[in-house]
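A.B. asks: Please see the structure below; I have some questions.
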Amino acid sequence: MLFRSRKSPWQILFLPRALETFAEISLWNEASHTRSTILYALLANSAYQLHHIQRPDYSGPGWLDIAARHQRASKQHLQIALKAETSGPRQAEYKDLLMAILAVAMVSVRTGVP
């Protein structure tokens, strides 16, 4: 019997979209605010995770500061997306908007920072 490892929502939903967004930014230096929300939320979640598992003698970057910065960026992109990308010519896909809202909510719940 094969045992399959369970994947988190971050791996199933958010990581593929975040990788696409990173590619768009790398190639064309732009991405939609909806997709940018997902990318920055994923980066914030990752930085918070690194902060919690870092060793006491760690002298690298301050993961908590990096996480807070990415969390702020994700919220800012979400606010712009909800204003500018819900209708009109640059309308985002409904699924992407829901994923962006969920990503920001998950980071906020996980960190306790609204």
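The values are calculated or read from the model by the stated rules, or taken from the named source; none is laboratory data. Since the structure is predicted, the reported quantities are computational estimates derived from the model, not experimental observations. Note: ideal-geometry Cβ built from the backbone for every residue, glycine included; neighbour counts use all protein chains shown. The protein model used for the area step is the full one, side chains on, heavy atoms only, and it has no ligands, DNA or RNA in it. Shrake-Rupley method; radii C 1.70, N 1.55, O 1.52, S 1.80 Å.
A.B. asks: Say we join alpha carbon atoms closer than 10 Å with springs in a Gaussian network model of the chain; which of Thr21, Thr37, Thr86 then has the biggest fluctuation?
C.D. replies: Per the Cα network of the chain with a 10 Å cutoff, Thr86 tops the list.
A.B. asks: Among the chymotrypsin sites (Phe, Trp or Tyr not before Pro) within region 57-107, which fall in a DSSP loop and have no more than 14 other Cβ atoms within 10 Å of their own Cβ?
C.D. replies: On the way: sites: Tyr58, Trp63, Tyr94; in loops: Tyr58.
For chymotrypsin sites (Phe, Trp or Tyr not before Pro) across region 57-107 that sit outside H, G, I, E and B with at most 14 neighbouring Cβ atoms in 10 Å, the list reads Tyr58.
A.B. asks: Among the GluC sites (Glu not before Pro) within region 19-114, which fall in a DSSP loop and have no more than 14 other Cβ atoms within 10 Å of their own Cβ?
C.D. replies: Details: sites: Glu20, Glu24, Glu30, Glu85, Glu93; in loops: Glu30, Glu85, Glu93.
Sites meeting the loop and neighbour criteria: Glu30, Glu93.
A.B. asks: Using R₀ = 30 Å, calculate the FRET efficiency as 1/(1 + (r/R₀)^6) where r is the Cβ-Cβ separation of Leu82 and Ile25; round to 0.05. If you can, show how the numbers build up before the last one.
C.D. replies: On the way: r = 20 Å, r/R0 = 0.68.
Efficiency, from the Cβ-Cβ distance: 0.90.
A.B. asks: How much accessible area does Arg35 have with a 1.4 Å probe, in Å² rounded to the nearest 10?
C.D. replies: 40
A.B. asks: Just read off the accessible area of Asp57 with the full protein assembly in place, 1.4 Å probe, to the nearest 10 Å².
C.D. replies: Its accessible surface works out to 110 Å², give or take rounding.
A.B. asks: Over the chain, with every protein chain in place, what whole percent of the accessible area is carbon and sulfur at 1.4 Å, could you tell me? Don't skip to the answer; put the middle values down first.
C.D. replies: Details: 4680 of 7880 Å².
Here carbon and sulfur together make up 59 percent of the probe-accessible area.
A.B. asks: Can you work out D for region 1-71 in µm² s⁻¹ from Stokes-Einstein, where Rh is the Kirkwood radius over C-alpha pairs, the temperature is 4 °C and the viscosity is 1.567 mPa s? Mind dumping the intermediate values first?
C.D. replies: On the way: Rh = 13.7 Å.
Estimated diffusion coefficient is 95 µm²/s.
A.B. asks: Rounded to whole Hz and in sequence order, give me ³J(HN,Hα) for region 50-57 from the Karplus expression 6.51 cos²θ - 1.76 cosθ + 1.60, θ = phi - 60°, writing x for Gly and Pro.
C.D. replies: Once rounded to whole Hz, the list reads 5, 4, 6, 9, 5, 7, x, 8.
A.B. asks: So, how do all the Cα-to-Cα distances of region 21-62 break down into 5 Å bins, in percent, from 0 on up?
C.D. replies: Distribution as computed: 5, 21, 20, 15, 13, 13, 9, 3 percent.
A.B. asks: Here is a follow-up. At 1.4 Å probe radius, can you tell me the per residue accessible area of region 35-114 in Å²?
C.D. replies: Values: 4910 Å² over 80 residues.
Dividing the accessible area of region 35-114 by its residue count gives 61 Å².
A.B. asks: GNM on the chain, C-alpha springs below 10 Å: top fluctuator among Ile25, Ile53, Ile66?
C.D. replies: Ile53
A.B. asks: Show which lysines lie in cross-link reach of Lys83 when reach means a straight Cα distance below 22 angstrom and same-chain residues fewer than eight apart are skipped.
C.D. replies: In chain and number order, the partners are Lys75, Lys95.
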